[in-house]
Amino acid sequence: METNVTENIYFILVAGTMGMFILALTVISAIIYYQNRRIKHQNDLRQLEVEHRLRLLQNSIDVQEKERKRFSEDLHDDTGAILAAARLNLYSVMKNSDHPALLETKELIDIAISGIRRIAHDLSPPALARFGLYHALGDFCRQISVAEEISVETEIADLERLDLDTKTEMAVYRVYTELINNTLKHSACRHICVRIHYKDNRIEGFYSDDGKGFNIPENGTGRGLGLKNMESRISALLGEISFSSGPGKGMQAQMYIPYTPIL
Amino acid sequence: MKDIANEIIKNSPFAILLPLFTGLLLFRKSPVSNRVLIVHICLAAIVNFVSAYMWHRKQNNLPLLHVYTVTEFLFLSAYYALRWKSSTARTLVLVMALLFTAFAVYNSLYLQSIYHMNSYARSLEALILIGFGASGYYLLLTEKGEHSIFSRSFFWINTGYFLYFSVSFFLFTLSNYVRIIEADIRHTVWAIHALFMIVLYILVAIGLWKRT
């Protein structure tokens, strides 16, 4: 009789403990599984959101570039052609008359033609499409150096052999031209440094001027449109750009863009 | 087998040193709820070693268990109450703590002698703490966070107590009857309990180490 009771107690104890152990483990496993799935779902959603935002950003940049190109072509082909025709007509009138106003008009038309050409080139640089970033940016720096009497130190290495895609070339070109234009407008500098390298599957860029510098707002909202545009262009390529400056310290920018060359 | 069981029983009291040192080391940096737990572990360590000493001297150490049951429940209730943000849940936990204390004292005075296992109070404590543990998981699942559950201090501590009290529930309930079963089996049963106590203290130590 006593053995029976002992066996019963033993059985209840072992079975109950085992049962509770299995139950507890099941609950813990279910919690871990559910929580991991929830985090994965959250991460997937966040990733989708980031990708969506990047796509929107890239689309808006593409649209902007297309619009610039169209505007540049219209300006060059339509307005430029009209002005060229007007100049030809003016030449034929000038053969029969030596009125001083005609010469003045011819000079004005020439200024308008070169202005239109410059605007059209700025909007959609033909050198970039034809010869690539290496030459286009090099040319731009040389022009600035000659026109503005500023020494521009340029070091663009490894880009020729990379065969960069149009989006990356355009982004880097636009960022550097924006940086240089900002420098020319505000900094009163004497020296500009432009460096681009390709290293460890990424394009690394550096820019600096020795101008008067400025305080860069810490948060995004206080930043100007120019800085935001540069950040947007680089982040659309999954890269990063950072700026540093201060009164009397010039301005520096550093960026990187991940890029795997197509072999 | 008997030797392994013996070793586990003999060495299990030392497992408390792990959360004790972790807790004392990180006491200042720990949140209030974890500090409550660290104080409880300090008390548990004292009770643990005093009872081991008494057992060594062949003295009945069960009166200590009667006191320890109440303090353990109060500290763990305070720990869970601090984890809940809802005032209703906190009040409920505190009311349960008061009711349990009243029952445990009544049990020790009138129902089960202090020289016997307080199985009624101990099993009721286990049952309520299993409930607290389950509600702790609910809390973990409803809290918004981007971090993995394994990086959360509360997950490890809650899992430790949930597992320990789940496994020990039947042992606590039948503890006064365990005495009549065969010595070898009895020994194995208590060794299993000691093993889960070691697991509990390891999990609590991990939990105290985690910051989030």
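Derivation of every value follows stated rules applied to the coordinates shown; laboratory data play no part. Please read all numbers here as calculations on a predicted model, not as lab measurements. Positions of Cβ are generated from backbone atoms using ideal geometry, with glycine treated the same way; all protein chains shown enter the neighbour counts.
For this structure, a couple of remarks:
- Across every direction, the projection of the convex hull enclosing the Cα atoms of the protein assembly as shown has a mean area of 36.6 nm².
- Phi angles of segment A:76-84 translate, via the Karplus equation with coefficients 6.51, -1.76, 1.60 and θ = phi - 60°, into HN-Hα couplings of 5, 7, 8, 4, x, 5, 4, 5, 5 Hz per residue; Gly and Pro are given as x.
- Longest exposed-site-free window of chain A, the sites being GluC sites (Glu not before Pro) in a DSSP loop that have at most 10 other C-beta atoms within 10 Å: A:1-148
- Highest to lowest packing among A:127-136, B:47-56, scored as the average C-beta count within 10 Å: A:127-136, B:47-56
- At full extension, A:Leu88 and A:Ala188 could sit 31.9 nm farther apart than now, given 0.36 nm per residue minus the alpha carbon distance.
- Charge tally in the Cβ shell below 14 Å around B:Glu143, where Lys, Arg are +1 and Asp, Glu are -1, B:Glu143 excluded: +4
- Amide H contacts under 5 Å for A:Gly246: A:Phe214, restricted to partners 5 or more places along the chain or on a different chain, H placed in the peptide plane at 1.01 Å from N.
- Taking every alpha-carbon pair within segment A:14-126, the share separated by more than 21 Å comes to 67 percent.
- Residue mean of other protein chain beta carbons inside 10 Å, A:8-21: 6
- Inter-label distance for B:Val95 and A:Asn4, nm, one decimal - labels placed 7 Å from Cα along Cα-to-Cβ: 4.5
- In straight-distance terms, cross-link reach from A:Lys66 covers every one of the aspartates and glutamates whose alpha-carbon lies under 19 Å from its own, apart from those fewer than eight places away in the same chain; here that gives A:Asp74, A:Asp77, A:Asp78, A:Asp122, A:Asp165, A:Glu169, A:Glu178.
- Count of lysine pairs in segment A:135-263 with Cα separation under 24 Å (8 or more residues apart, or interchain): 8
- Our coupling estimate for segment B:5-19, obtained by passing each phi through the Karplus curve with A = 6.51, B = -1.76, C = 1.60 and θ = phi - 60°, is 4, 4, 4, 4, 5, 5, 9, 4, x, 6, 4, 5, 4, 4, x Hz, Gly and Pro reported as x.
- Count Lys and Arg as plus one, Asp and Glu as minus one, and take only other residues whose Cβ is under 13 Å from that of A:Asp210; the net charge is then +1.
- A:Asp165 long-range amide H proximity, modeled H, under 5 Å: none
- Beta bridge orientation in the protein assembly as shown: antiparallel %, DSSP, nearest 5: 80
- Converting phi to 3J(HN,Hα) with the Karplus coefficients 6.51, -1.76 and 1.60 and the offset θ = phi - 60°, segment B:195-212 yields 4, 6, 5, 4, 4, 4, 5, 5, 5, 5, 4, 4, x, 5, 6, 6, 9, 7 Hz in sequence order, with x at every glycine or proline.
- A simple packing score, the average count of other Cβ atoms within 10 Å per residue, orders the peptides B:155-162, B:82-89 as B:155-162, B:82-89, with the highest score first.
- Average partner coverage of B:152-158, which counts Cβ from other chains inside 10 Å: 1
- Model label points for B:Tyr106 and B:Glu7, set 7 angstrom from Cα along the Cα-to-Cβ axis, are 4.6 nm apart.
- Environment charge of A:Ile111, counting only residues whose C-beta is closer than 12 Å and scoring Lys/Arg +1, Asp/Glu -1: +1
- In this label model, B:Trp55 and A:Met18 are separated by 2.6 nm, measuring between points 7 Å along each Cα→Cβ vector.
- Residues whose placed amide H lies under 5 Å from that of A:Ile203, excluding near-sequence neighbours: A:Ile257, A:Tyr259
- When you restrict to C-alpha pairs under 8 Å that are six or more residues apart and normalise by the size of chain B, the relative contact order lands at 31 percent.
- Cβ-derived FRET efficiency at R0 22 Å, A:Asn229 paired with A:Arg70, nearest 0.05: 0.65
- Over all distinct Cα-Cα pairs of segment B:2-210, the Kirkwood formula returns a hydrodynamic radius of 17.8 Å.
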